[in-house]
Structures are given as C-alpha cells and as structure tokens.
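Accompanying notes for the structure given below.
The values are calculated or read from the model by the stated rules, or taken from the named source; none is laboratory data. Every value quoted in this text rests on a predicted model; they were computed, and no experiment measured them. Virtual Cβ from ideal backbone geometry, glycine too; neighbours counted across all protein chains shown. Keep in mind that these areas ignore ligands, DNA and RNA; they rest on the heavy atoms of the full protein, side chains included. Shrake-Rupley method; radii C 1.70, N 1.55, O 1.52, S 1.80 Å.
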Amino acid sequence: RKEVEQDPGPFNVPEGATVAFNCTYSNSASQSFFWYRQDCRKEPKLLMSVYSSGNEDGRFTAQLNRASQYISLLIRDSKLSDSATYLCAVSHSNYQLIWGAGTKLIIKP
Amino acid sequence: GAVVSQHPSWVICKSGTSVKIECRSLDFQATTMFWYRQFPKQSLMLMATSNEGSKATYEQGVEKDKFLINHASLTLSTLTVTSAHPEDSSFYICSARQSGAINEQFFGPGTRLTVL
C-alpha cells in the first residue's frame, strides 16, 4: 500500500460546478500537508498548505482530518483554467515530501 | 519570493554522454534541495536529497555513481547524469526548501532530457 494515495481520476466536471477530492495518508506521524497543482509538462506549483483548522483561499478550501488520516481539496465555481493534476504531499520531520500520484481534473465548458 | 531556477530547460544528447543540470534558489537560501524524476503520466519520484556541504542521500534504486549530485553552496545544487542512455530520458525537477521554513518546497521549472 502506498503511503499517500489519491484517486487518479480523471474527474470530468462542468464549468461552474463544485468538485472535491481526497488524499489519504498512512503514517500517523505526518506533520505537514500540502496541495500542489501540476499542469502538463510543467513543474508542480504550491496551491496551498493544509492546516489543522482548515483553510480557504478564494475558491479553494483545504481540510485535514487527522482521525481518518486524509486531506481534502474543494474547488468551488470551477473554471476552465482549473484543469490540471492536483498532487497532495505529506511530510514528516525530515522535510522530505511524500507524494500522491495525483488526481487529474478536467473542467468542461 | 521563493523562486527556483533550473538550467537547461531542455536538452537532447547522444547516448553515452553526460549531462549537467543546475538548480538555483534565486532569492533565498536553501539548505536542502531535492531532485525528482517524472516519467510521462506518472507521479514525481524522489531521486535524492541534497544537503549543502554534505553528501546527497539517494533513494533506493537510484545509482549514486550515475546520478552525481553536488550541493556546494546554499543556492546551487547540480545533478549530473553520467553516461546517459535512452531510458534516462525523463523530466528532471529540483525543489528547494527554504532554511528555517516549514516543509514547503518550491520547484524549479524542470529539465526535459532526451537521450538519443
């Protein structure tokens, strides 16, 4: 079993809809959690860190559930430009990030 | 802030040659840099962790004599793919962790290597 798991998708979503996906992690000692966005043939870009209390940045909301060991990302009012692969990453105390395989999101007009 | 550059952005080379890729943190000091490889439609694979002034730590299955890493300063790490073969063709991405910061990593734009 992989330490960080994501549904690979693709999620095909109409423009304007709300979409959510989860990422589960197996190591309860994980300390930091992130969502990255990666466009085709580009490097990952940090979308947002995930805090224990949950956090929101515009249309994006991230939440952490330590009891069930998952993080979630919610995108409201989705735009065509949101189409990308969303990677979750988890780290322990040694600063290495453990990556999920990514969830592909396709927003359709 | 937190900009990481990578050079070259793409390279095509003949089998058997060596290729050096540079990763620089432009506006911050990075005590730790990471080198990843990503094959098409696959996730990032960590190759090695590079700490300034010390030897890199390689992940299992990554040949340290083939992928030479040097992290001579707080702003520069290099990856040299020695005696490259077609199966080494991939997207190589570095990332840097800002000294004293939480565990965020900032990525370079990547280097697309094609070995003929």
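Numbers at a glance
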quantity: So B:VAL115, is it surrounded by fewer than 18 Cβ atoms within 10 Å (Cβ to Cβ) and of a type in the set (Val, Ile, Thr); calculated: no
quantity: Any chance A:SER72 is more than 24 Å from B:ALA2 (Cβ to Cβ) and open to solvent by less than 10 Å² (accessible area, probe 1.4 Å); calculated: no
quantity: The range B:92-101 - residue that is in contact with a strand residue (DSSP E or B) (Cβ under 6 Å, 6 or more places away or on another chain) and open to solvent by 10 Å² or more (accessible area, probe 1.4 Å) and, of those, modelled with the lowest pLDDT; calculated: B:SER99
quantity: Residues (hydroxyl-bearing (Ser, Thr, Tyr) and either within 11 Å of chain B (Cβ to nearest Cβ) or surrounded by fewer than 18 Cβ atoms within 10 Å (Cβ to Cβ) (or both)) located in the range A:25-58; calculated: A:SER26, A:SER28, A:SER30, A:SER32, A:TYR36, A:SER49, A:TYR51, A:SER52, A:SER53
quantity: Single match in B:TYR58, B:TYR92 (criterion: aromatic (Phe, Trp, Tyr) and without any contact (Cβ under 8 Å) to a residue 60 or more places away in the chain); calculated: B:TYR58
quantity: Spans of strands (runs of 3 or more DSSP E) in the range B:3-53 with at least 1 residues among the basic types (Lys, Arg) and open to solvent by 80 Å² or more (accessible area, probe 1.4 Å); calculated: B:19-25
quantity: Of all residues making up the range A:3-44, the number that are under 21 Å from B:PRO40 (Cα atoms) and touching a helix residue (DSSP H, G or I) at 6+ places or on another chain (Cβ under 9 Å); calculated: 1
quantity: Lone qualifier among A:SER49, A:SER30 - being touching a residue at least 60 places away in the same chain (Cβ under 8 Å) and in contact with a strand residue (DSSP E or B) (Cβ under 6 Å, 6 or more places away or on another chain); calculated: A:SER30
quantity: Residue check, A:THR61 β-branched (Val, Ile, Thr), buried (at least 19 other Cβ atoms within 10 Å of the Cβ) and modelled with pLDDT of 90 or more; calculated: no
quantity: Subset of the range B:67-90 that is farther than 23 Å from B:THR31 by Cα and not in a helix (DSSP H, G or I) - its residue that is most open to solvent (accessible area, probe 1.4 Å); calculated: B:HIS85
